[in-house]
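Nothing in this text is a laboratory measurement; each read-out follows from the coordinates by a stated rule. What you are looking at is a predicted structure, and each value in this text was computed from that prediction instead of being measured. Positions of Cβ are backbone-derived with ideal geometry, glycine not excepted, and every protein chain shown enters the neighbour counts.
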Amino acid sequence: MKSKTLNLCVQEMLGDFCDKFIKLARKDGDQNMPNCFIAEYWREMQERKNGSKNTTLDETNLRWVLLQLFFAGTDTTSSTIMWFMYYMLNHPDIQEKVYQEILREVGTGRTPGLQDKPQLRYTQASIMETQRLASIVPSSVPHYCAADVTLQGYTIPAGTTVLPNLDSVMMDENTWEKPLQFSPDRFLDEKGNIIKHEAFMPFSVAFGRGVHVFLCGWVQLC
């Protein structure tokens, strides 16, 4: 009961947070809404409703999408950048390798873009190692047990809220050699290509990370 009560309180608090952005976007009326994600979502929702189309677009889903945009696209990004700077300052040899790769592949005459990502493999590996060691998101999003489950002698009833501990996965000595050591090379094979470790899950467990990337790359929040 305590877990469910806490969950409801958090949902209410975050819902109020999102409502402020929605009201801000609609303060001048639907026709004069600014060009942002909330406005585009609202217009599409109204068009579908006016056209008598079946749609799942409503204000409740808008709030949840905004929360995903905020936490997946803002907090995780800023945390990754801060921790990346920390590890670069403490590992100047790795910092130099990242710098030389960016200098070689991108240069100083333009801003790096997504098209450069395949060539910046060591930089990618350094970012991934930062997310692993710093535990950017130490616990995943809440999940509910669909049925009674027995785990290591403990019974978890159906309907129980479960928070997977990602920190323990990232520091598992059975998976990662010297897990407390900052080593981008663990994400590179002998040819310098990125290794996609199954145990590397910096943001969540089975929570549609591709959707977050798509949404955050599509539009910006008001």
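Decide, for region 36-160, between rounded, prolate and oblate: order the square roots of the alpha carbon gyration tensor eigenvalues as a ≥ b ≥ c, take rounded if a/c falls under 1.5, and otherwise choose prolate if a/b is larger than b/c, else oblate.
Details: a/c = 3.30, a/b = 1.36, b/c = 2.43.
Cα axes put region 36-160 in the oblate bin.
Which of the trypsin sites (Lys or Arg not before Pro) found in region 78-155 are loop residues per DSSP with 14 or fewer other Cβ atoms within 10 Å of their Cβ?
On the way: sites: K97, R104, R110, R121, R132; in loops: R110.
Filter output for region 78-155: R110.
How would S52, S139 line up from fewest to most surrounding beta-carbon atoms within 10 angstrom?
Values: S52 7, S139 14.
With the sparsest Cβ surroundings first, the list reads S52, S139.
So, in region 92-199, how many Lys pairs have Cα atoms under 19 Å apart, if the pair is 8 or more places apart or on different chains?
Numbers: K97/K117; K97/K191; K117/K191; K117/K196; K178/K196.
Value for region 92-199: 5.
Answer with one residue from S52, L67, T111: the one whose Cα lies farthest towards the positive end of the charge dipole of region 48-113, charges on Cβ with Lys, Arg +1 and Asp, Glu -1.
S52
Any chance you could run the full-extension gain for L24 through H197? It's 0.36 nm times the residue separation minus the Cα-Cα distance, nm to one decimal. Mind showing how you got there, number by number?
Numbers: separation 173, 0.36 × 173 = 62.28 nm, distance 4.21 nm.
58.1 nm is the gain from fully extending L24 to H197.
W64 to A158: FRET efficiency via 1/(1 + (r/R0)^6), r the Cβ-Cβ distance, R0 25 Å, to the nearest 0.05?
Numbers: r = 23 Å, r/R0 = 0.92.
For R0 = 25 Å, the calculated efficiency reads 0.60.
For I81, I102, I38, I127, which order do you get if you count the other beta carbons within 10 Å of each Cβ and list the fewest first? List each step's numbers first, then the result.
Working: I81 12, I102 17, I38 23, I127 20.
Arranged by neighbour count, lowest to highest, I81, I102, I38, I127 become I81, I102, I127, I38.
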